[in-house]
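The structure appears right after this line, and notes come after that.
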Amino acid sequence: MPRIQFIAADGSEEFIDAVVGLSLMENAVSNGIEAIRAVCGGNAYCGTCRVYVDPAWRAVTGEVTEMELPLIEATDDTTPGVRLACQIPVTPALDGLIVRTPLSQE
Amino acid sequence: MDGNSAGCPVHQGRDDRKSAKVAEASADMHTGTRVIGNFVAARDLLRSPKMRQAGASIEHVDLSKPDEISFFFLDGEIHRKRRAAVAGLFAPKTIVTRHHVVMNRAIDEITADLQKRGSAPLDEMSWQMAVDVAADIVGLTDSDSNRNLAIRVRKVLDASIRQRKGFFSKLVLNARMLIAVGRFYKHDMLPAIAARKIQPKDDVLSHLVKENYSKRGMIMECLSYGGAGMLTTREFIVMCAWHLFDNQPLRERFLSGEESDQFAILEEILRLEPVAAFLQRRVAEPFEEANGTALKEGEVVSISIRDANVDEAITGPCPFELDPDRGKRMKVIGPFMSFGDGPHRCPGAQVAMHETRIFLDRLFRLPGVRLVSAPAVSWNPNIHGYELRGAVVACDPA
């Protein structure tokens, strides 16, 4: 299981053992990462599962997709590396991934 | 499924659902289609690209003209693009920064009117709230009044969801529909379109004007976004109010809780009482469920939201009991399947949650607020959902 690190806005860290095949958001919610709200359930309709992918991992997770863009724009969140966790499928290649979470998802 | 959760040792199988009986009585209407009530199977199916929209009289829709039909009937990339183009209007940040203003203004008027009259039908109050909010998001803000807008939208929706057999009935219905749509277009859409050609706003209609939608395309899109939001939120508000009136501890928790706890309460009510009970999908490519069941191409399946929402594998024990801590404890998104799932998940889900929370928070803080008569529950087979009529609330005069 890929091990993924979440760093909250206050600097606290949590590690999860993620299930391959599920999205990063689904893994975060099922492991109790409270900074991930995901009110739309993972359909890229709400923008409340935003994460900031560590610079070293952006090439692996890929750039923000066309599907995510309108929601990210609606949040006015221009933080580098911003992605919707529901649109990042967890694969074995993400073992060691580091993401940060925003202070607020609104 | 009955409401007796046998085997629950702690709560003796308490069933808090108010719409269960009438929903169960309507279950036979899906005879002939495979009904899926397992939560995971339902979610997999709704998220699968092998499924197409079905039900809602889609067989009468000409899918070869996507520019003239509602996004609701579309699938795939074109559906995604249409949804994405206005998705920001339904995002939580937009709701808080923009739509809360409209919601608060609407509830100011509604509560002032209630205090003046002494009592009022609850579904009329919830309808006004739903109309005011939906009208602002869609961009129907240049009508003579929102009350008249609401009447015209109701007439269009009533005509469009009524299904009658027989040539003459259909003819009459079509004539009524044409008249209703014509009035709606003339009195509500035309002035709004004209205003947006001069000064675009951040709403659905401004987007449609900018993208040069046809008259028919604009009508369909506005009715889809606006009508769906109005019809369903109206019922949801009444249902939540009914639960809160009947359950004093729950009401006290709602009024003393933070927003997040208020949402948890509303989501749990919605889990038990989803406004829409069924969704239908047509299998476009052979599909195998996780349990190995094969679905054939062309088959239409019915997803039972009510059953999926009480699937103990997801809800934990006592699935018929109203337990606002359930979602967090089970690490599931609060409303479970109540807003659907996958690409067609309800775009206005968060809007509905916020306007319901604001409506109820204000209503239950009115001095002397009380339920004079409980609503009667009936079933609307055309939208596969319950209707709550006849509830009357009263409060002390201002």
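Values in this text are rule-based calculations from the coordinates and carry no lab data. These numbers come from a predicted model, not from an experiment. Here Cβ is always computed from backbone atoms with ideal geometry, including for glycine, and neighbour counts include all displayed protein chains.
Over the Cα atoms, compute the radius of gyration (one decimal) and Dmax (the largest Cα-Cα distance, rounded to a whole number) for region B:63-202, in Å.
Expressed in Å, the Cα Rg and Dmax of region B:63-202 come to 17.7, 53.
Pairs B:21/B:155; B:21/B:81; B:21/B:328: which are spaced more than 32 Å apart, C-alpha to C-alpha?
Exceeds cut-off: B:21/B:81.
How much space per residue, in cubic angstrom, does the convex hull of the C-alpha atoms of region A:3-100 take up?
Per-residue hull volume (Cα only) is 90 Å³.
Treating only the Cβ of Lys, Arg, Asp and Glu as charged (+1, +1, -1, -1), what charge dipole size does the protein assembly as shown show about its Cα centre? Round to the nearest 20 debye.
Using only the charged Cβ atoms, the result is roughly 1800 debye.
Please list the non-local residues whose amide H lies under 5 Å from the amide H of residue A:23, H modeled 1.01 Å from N, same-chain partners needing a gap of 5 or more.
So residue A:23 has HN proximity to A:90.
Report the calculated FRET efficiency for residue B:177 and residue A:8 (r = Cβ-Cβ distance, R0 = 60 Å), to the nearest 0.05.
After rounding, the FRET efficiency stands at 0.65.
Mind listing the phi-derived Karplus ³J(HN,Hα) values for region A:14-20, rounded to whole Hz, using 6.51, -1.76 and 1.60 with θ = phi - 60°, and x for any glycine or proline?
In residue order, the calculated couplings are 9, 10, 10, 9, 8, 8, 5 Hz.
May I ask you to work out the translational diffusion coefficient for region B:358-398 at 4 °C, viscosity 1.567 mPa s, via Stokes-Einstein with Rh from the Kirkwood sum over Cα pairs, reported in whole µm²/s?
109 µm²/s
Report the normalised scattering of region B:8-145 as log10 I(q)/I(0) at q = 0.11, 0.12, 0.14, 0.20 Å⁻¹, calculated by the Debye formula with identical scatterers on the alpha carbons.
For region B:8-145, the Cα-only Debye profile gives -0.78, -0.92, -1.13, -1.21.
Please give the direction-averaged projected area of the C-alpha convex hull for region B:325-367, in square nanometres with one decimal.
Result: a mean projected hull area of 3.8 nm².
Can you give the net charge of the other residues whose Cβ lies under 13 Å from the Cβ of residue B:34, counting K and R as +1 and D and E as -1?
0
Taking the Cβ of residue B:201 as the centre, find all other residues whose Cβ is under 14 Å away and add up their charges (Lys, Arg: +1; Asp, Glu: -1).
0
Over region B:311-398, how many percent of alpha carbon pairs lie in each 10 Å bin up to the one with the longest distance?
So the P(r) values, bin by bin, are 12, 28, 41, 17, 2.
Taking K and R as +1 and D and E as -1, what net charge do the other residues with C-beta under 10 Å from the C-beta of residue B:53 add up to?
Charge balance in the 10 Å sphere: +2.
State log₁₀ I(q)/I(0) for region B:88-165 at q = 0.15, 0.22 Å⁻¹ as given by the Debye formula over alpha-carbon point scatterers of equal weight, solvent excluded.
So the normalised log intensities are -0.63, -1.07.
If eta is 1.567 mPa s and T is 4 °C, what Stokes-Einstein diffusion coefficient results for the protein assembly as shown, Kirkwood Rh from Cα pairs, in µm²/s?
Roughly 54 µm²/s, to the nearest whole number.
Suppose each label sits 7 Å from its Cα in the direction of the beta carbon; what would the residue B:256-residue B:313 distance come out to in nanometres?
3.9 nm
Looking at chain B, I'd like the Rg to Rh ratio, where Rg is from alpha-carbon atoms and Rh is Kirkwood's inverse mean 1/r.
Value, to two decimals: 0.95.
Between residue B:202 and residue B:108, what is the label-to-label distance in nm when each label sits 7 Å out along the Cα-to-Cβ direction?
About 2.0 nm, to one decimal.
Which residues' amide hydrogens lie under 5 Å from the amide hydrogen of residue B:379, considering only partners 5 or more residues apart or on another chain, with H built in the peptide plane?
Under 5 Å from the amide H of residue B:379 lie the amide H atoms of B:387, each far enough along the sequence or on another chain.
If you find the alpha carbon centre of region B:292-347 and of region B:181-205, how far apart are they in angstrom?
Using only Cα atoms, the two centres lie 37 Å from each other.
Students often get this wrong: which residues of region A:32-56 have the backbone nitrogen under 19 Å from the point 7 angstrom along Cα-to-C-beta of residue B:328?
A:32-41, A:49
Gain in length, residue B:116 to residue B:389, computed as 0.36 nm per residue apart minus the alpha-carbon separation, to one decimal in nm?
Net length gain for the segment: 96.1 nm.
With loop defined by DSSP as not H, G, I, E or B, and exposure as at most 13 other Cβ atoms within 10 Å, which is the longest segment of chain B clear of exposed GluC sites (Glu not before Pro)?
Longest stretch, sites excluded: B:1-210.
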